[in-house]
Amino acid sequence: MLKSKPILIGIFGGTFDPIHYGHLRVAEEVVRTIGLQKIYFVPAGIPRLRNAPIASPKQRTEAVRLAIQDNPNFVLDKREIYRDGISFSIDSIYEFKQEFGEEIGLCFILGADAFIKFSEWDSWKEFFNLCHFIISTRPGYTHTSINDLLPKELKDECSKRWVINADDMRNETNGLIFISSATMLDISATSIRKNIAAGKSVRYLVPDVAINYILESKLYL
Ligand code: ATP
């Protein structure tokens, strides 16, 4: 048991191809409702479990930088784009743990669509020894359906880890799972890339500064 309640820090990994208001709204709401000290946005360099991103790591990172620059709670972390080879989130979580120290509670933020496939990730069980999870619901997922959709091994691993009160994550530094009820926005990077390719507007789906950068760089055409 911890002597004092840990500070909680969010780690938000993703391809961010490109970043959009679905990501930003989740981050804003979990900072406010859970009282995370900061959220680190960690764009993946070369993701293992999906097709290669369209934009380069540098371009995706620059769009993230522009999109979060005016929010003092949001931090861009470039470690995965500097790392050689495929990006494994577990490596970043180990590094964050070392940098922040044992007393800090790391909260790994994942959308429901990503969490139901989490047991395909490298060293997935090890995450529970290092961090908590904040799962953001997405359209098509409810609190109950997320659990129902988990494959058996992941469901069993999660069964004693669910908490319905976010404050419970302050009693430990790792190993708990909280589903955030942040406003669900039906926005995906896939639909944004399609809209841009079709010459359609993505205004109000992506921050203007990021749209300007995407258009200047002729991305997703
Ligand atoms: P793509 O459509 O290319 O698969 P994406 O929109 O899901 O991309 P990612 O960069 O892959 O975006 O997502 C990073 C993380 O953010 C993932 O955990 C994902 O589930 C979550 N996420 C993405 N969009 C939303 C959204 N609209 N609401 C909640 N979580 C989201």
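The values are calculated or read from the model by the stated rules, or taken from the named source; none is laboratory data. Small disclaimer: the values here were computed from a predicted structure and weren't measured. So basically every Cβ, Gly included, is an ideal-geometry build from the backbone, and we count neighbours across all protein chains shown. Areas reflect the complete protein model, heavy atoms only, side chains present, ligands, DNA and RNA absent. Shrake-Rupley method; radii C 1.70, N 1.55, O 1.52, S 1.80 Å.
Restricting Gln98, Gln59, Gln69 to residues that are touching a residue at least 24 places away in the same chain (Cβ under 8 Å), surrounded by fewer than 16 Cβ atoms within 10 Å (Cβ to Cβ), away from the ligand (no atom under 13 Å from the Cβ) and not small (Gly, Ala, Ser) narrows the list to Gln69. Any residue in the stretch 198-221 that's among the charged types (D, E, K, R): show its pairings with residues that are part of a helix (DSSP H, G or I) at Cβ separation under 7 Å, as long as the two are six or more apart or on different chains. Matching pairs, first to second residue: Arg203/Ile211.
Can you say whether Leu130 is touching a residue at least 12 places away in the same chain (Cβ under 8 Å), crowded, with 17+ Cβ neighbours inside 10 Å and more than 10 Å from the ligand (Cβ to nearest atom), as far as the supplied structure shows?
Working: touching a residue at least 12 places away in the same chain (Cβ under 8 Å): yes; crowded, with 17+ Cβ neighbours inside 10 Å: yes; more than 10 Å from the ligand (Cβ to nearest atom): yes.
When the stated conditions are applied, Leu130 passes them.
Among the residues of the stretch 25-49, those identified as open to solvent by less than 20 Å² (accessible area, probe 1.4 Å) and under 12 Å from the mean Cα position of the chain (by Cα) are Val26, Ala27, Val30, Ile39, Phe41, Val42, Pro43, Ala44. The criterion of at least 1 residues that are within 16 Å of the ligand (Cβ to nearest atom) and open to solvent by 70 Å² or more (accessible area, probe 1.4 Å) is met, among helices (runs of 4 or more DSSP H) falling completely within the stretch 135-221, by 143-149, 189-197.
Residues of the stretch 6-36 that are more than 7 Å from the ligand (Cβ to nearest atom), over 18 Å from Ile211 (Cβ atoms) and among the aliphatic types (A, V, I, L, M): Ile7, Leu8, Ile9, Ile11, Ala27, Val30, Val31, Ile34, Leu36.
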